[in-house]
Amino acid sequence: MAGDDREVGKKPLQMGQKPSEAWQITEHHVDMTRPAQPVRKLTIAAEPQNISVDLNKSALFIVDMQNDFCTEGGWLHSRGIDISPNRKPIAPLQATIEAFRSQDIPVVWVNWGVRKDLLNIAPSLQHAHNPHGNETNLARPVPGTRSEVIAAGSWGAEVVSEINPGDRDHQILKHRFSAFWDTETDSVLRNLGIKTLFIGGVNMDQCVMTTLEDASFLGYDTILLEDCTATTSPSYCVESVLYNVKLLFGFVTKSQNLLLKFAEVEGSAK
């Protein structure tokens with residue numbers, strides 16, 4: 001008890017980003033209770049079932065909306081690939097990002113950022129991006145463009161200008177298709193107290209899908225925002241992703257369903 005008496009009136013040091021995930025420290029006492037936040041319940045139309053989530057445990061999770069995948073002069077465009085599908089999520093993401101920020105819900109960006117010496121890239125991953133060995137390899141300049149094939153710090157690895165967060169939000173680099181493999185993603189989300197991910201980005205059938213699957217395997221609730229994700233792959237790839245997410249890995253909704261509910265919440269608060 002003497003130790004407790006010495007702590008009276010002293011402001012503890014918070015070790016952790018959120019009180020619900022943090023310790024409170026003083027010289028003679030460590031409080032590990034991590035008081036839970038009140039539930040901010042939101043019910044949303046989704047498939048295969050409607051869902052209710054806690055906004056205090058949710059995040060918007062955006063994958064690879066980068067110049068090399070979504071902008072003329074980027075890597076995909078330089079290969080003659082039609083990037084127009086990958087630009088379709090930009091407008092709905094603009095509105096969704098601002099809505100999440102206005103609700104004080106974390107926005108997490110996960111983007112390719114390859115080492116220029118490729119020491120964290122296995123031959124199998126290099127082959128996936130240059131299967132015949134006759135194209136520009138990862139982290140190398142593409143002649144006649146601004147791209148350096150998703151090299152960390154390059155223009156091609158930047159988020160497209162329309163939604164580029166600058167230094168806002170939470171940003172994570174990855175060097176695999178999945179945002180959870182050999183990255184800090186899981187640690188960041190757990191320290192933010194996140195359980196539920198609203199996922200968007202590109203390419204839907206590649207990095208988005210592998211990320212969503214790994215998130216599900218790790219125990220996160222996964223909701224794919226259908227209009228906030230896209231791919232340059234054939235339409236049957238989109239159909240397969242939507243089918244499998246609804247069957248096995250999570251839920252599918254559209255950003256408008258969220259925005260309508262956010263508007264209701266804001267209206268009831270006035």
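At a glance:
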read-out	value
Criterion (open to solvent by 40 Å² or more (accessible area, probe 1.4 Å) and under 17 Å from Ala46 (Cα atoms)) met by exactly one of Lys270, Lys195, Lys261	Lys261
Residue in segment 26-46 that is at pLDDT 95 or above, in contact with a Lys or Arg (Cβ under 6 Å, 6 or more places away or on another chain) and under 30 Å from Asn137 (Cα atoms) present	no
Verdict on Glu148 being assigned to a loop (DSSP other than H, G, I, E, B) and open to solvent by 10 Å² or more (accessible area, probe 1.4 Å)	yes
Some residue of segment 13-33 being under 24 Å from Gly201 (Cβ atoms), open to solvent by 40 Å² or more (accessible area, probe 1.4 Å) and outside any strand (DSSP E or B)	yes
Residue list for segment 84-112, restricted to those being open to solvent by 10 Å² or more (accessible area, probe 1.4 Å), touching a helix residue (DSSP H, G or I) at 6+ places or on another chain (Cβ under 8 Å) and not in a helix (DSSP H, G or I)	Gln103, Pro106, Asn111
Selection within segment 243-268 - in a helix (DSSP H, G or I), within 16 Å of Pro92 (Cβ to Cβ) and not small (Gly, Ala, Ser)	Gln256, Asn257, Leu258, Leu259, Leu260, Lys261, Phe262
Top-ranked residue of segment 220-242 - restricted to ones that are over 12 Å from Asn86 (Cα atoms) and among the charged types (D, E, K, R), ranked as least open to solvent (accessible area, probe 1.4 Å)	Glu226
Where a residue in segment 87-104 is at positive phi and its partner, wherever it lies, is modelled with pLDDT of 95 or more and open to solvent by less than 50 Å² (accessible area, probe 1.4 Å), with Cβ under 9 Å and at least six apart	Asp104/Leu55
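Every residue, every condition in (1) over 21 Å from the mean Cα position of the chain (by Cα); (2) modelled with pLDDT of 95 or more; (3) not in a loop (DSSP other than H, G, I, E, B), yes or no:
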{"residue": "Leu118", "(1), (2), (3)": "yes, yes, no"}
{"residue": "Ser124", "(1), (2), (3)": "yes, yes, yes"}
{"residue": "Gly133", "(1), (2), (3)": "yes, yes, no"}
{"residue": "Leu138", "(1), (2), (3)": "yes, yes, no"}
{"residue": "Pro141", "(1), (2), (3)": "yes, yes, no"}
{"residue": "Pro165", "(1), (2), (3)": "no, yes, no"}
{"residue": "Gly193", "(1), (2), (3)": "no, yes, no"}
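The values are calculated or read from the model by the stated rules, or taken from the named source; none is laboratory data. The structure presented is a predicted model; accordingly, all values stated were derived computationally and were not measured. Every residue, glycine among them, receives a Cβ derived from its backbone with ideal geometry; neighbour counts consider all protein chains shown. Note: accessible area is taken over every heavy atom of the protein model, side chains too, but ligands, DNA and RNA are not part of it. Shrake-Rupley method; radii C 1.70, N 1.55, O 1.52, S 1.80 Å.
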